[in-house]
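The values are calculated or read from the model by the stated rules, or taken from the named source; none is laboratory data. Since the model is a prediction, treat every value here as computed from it, not as a measurement. Please note: Cβ atoms are built from the backbone with ideal geometry, for glycine as well, and neighbour counts cover all protein chains shown.
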């Protein structure tokens, strides 16, 4: 039995959910999102709660049960409070700044890196060494953060690069004479 799947998803005030076949559409203060579940689960909306039930006892039905419930919970959370990822930049001369809809990164290359920000994601730079990514879709926020981090992942000797806030980088010892 899925411990996650058993719990219904509460819909806070201002959030509506509508089930059409295997698709659930959630409307909230920050927009609208939809998710299409597999045929292994059944989605129902009962008095302010979304209930996800498996359609059988197969392993795949149990896997999809918990995953589908989490996807619905992420949609509700994203449309009410939103998701946020914070990145830190470490390294001499490494910096970031927003120019319109483009994130301009100076990361020690011979050229600046220009990263086009998707329309439904908000990127801000409170400091030259901090990047804050916000949006209502958890997957897109994480994907944008990973793509930015990919340009200069932290290296293990000096720790230079782009890292998630609070991330621990295992440091290696350099060469010895």
Could you please find all residues in region 19-53 being in a loop (DSSP other than H, G, I, E, B) and either outside the structural domain of residue 9 (by TED's automatic domain parsing) or in contact (Cβ under 8 Å) with a residue 40 or more places away in the chain (or both)? 29, 30
Considering residues that are surrounded by 13 or more Cβ atoms within 10 Å (Cβ to Cβ) and touching a helix residue (DSSP H, G or I) at 6+ places or on another chain (Cβ under 9 Å), the number found within region 7-19 is 7
What number goes with the only condition from (1) under 21 Å from the mean Cα position of the chain (by Cα); (2) over 30 Å from residue 5 (Cβ atoms); (3) surrounded by 14 or more Cβ atoms within 10 Å (Cβ to Cβ); (4) at pLDDT below 95 that residue 91 does not pass? (1)
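How many residues does region 71-86 contain that are out of contact with any strand residue (DSSP E or B) (no Cβ under 9 Å at 6 or more places or on another chain) and in a helix (DSSP H, G or I)?
Here is the first cut: in region 71-86, the ones out of contact with any strand residue (DSSP E or B) (no Cβ under 9 Å at 6 or more places or on another chain) are 81.
With in a helix (DSSP H, G or I) added as a condition, the list becomes none.
The total comes to 0.
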Residue that is on the phi < 0 side of the Ramachandran plot and surrounded by fewer than 12 Cβ atoms within 10 Å (Cβ to Cβ), where the choices are 174, 78, 100, 142: 174
Breaking point among (1) at pLDDT below 95; (2) surrounded by 14 or more Cβ atoms within 10 Å (Cβ to Cβ); (3) farther than 19 Å from residue 29 by Cα, for residue 136: (3)
Here is a list: 56, 93, 66. Which entry is in a loop (DSSP other than H, G, I, E, B) and either within 30 Å of residue 130 (Cβ to Cβ) or in contact with a helix residue (DSSP H, G or I) (Cβ under 6 Å, 6 or more places away or on another chain) (or both)? 93
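Just the residues that are farther than 21 Å from residue 139 by Cβ and surrounded by 15 or more Cβ atoms within 10 Å (Cβ to Cβ), please, taken from region 20-49. Steps first, please.
So the first thing to find is which residues in region 20-49 are farther than 21 Å from residue 139 by Cβ, and the list is 20-21, 39, 42, 44-49.
Once the filter is applied, which keeps residues that are farther than 21 Å from residue 139 by Cβ and surrounded by 15 or more Cβ atoms within 10 Å (Cβ to Cβ), region 20-49 yields 42, 45.
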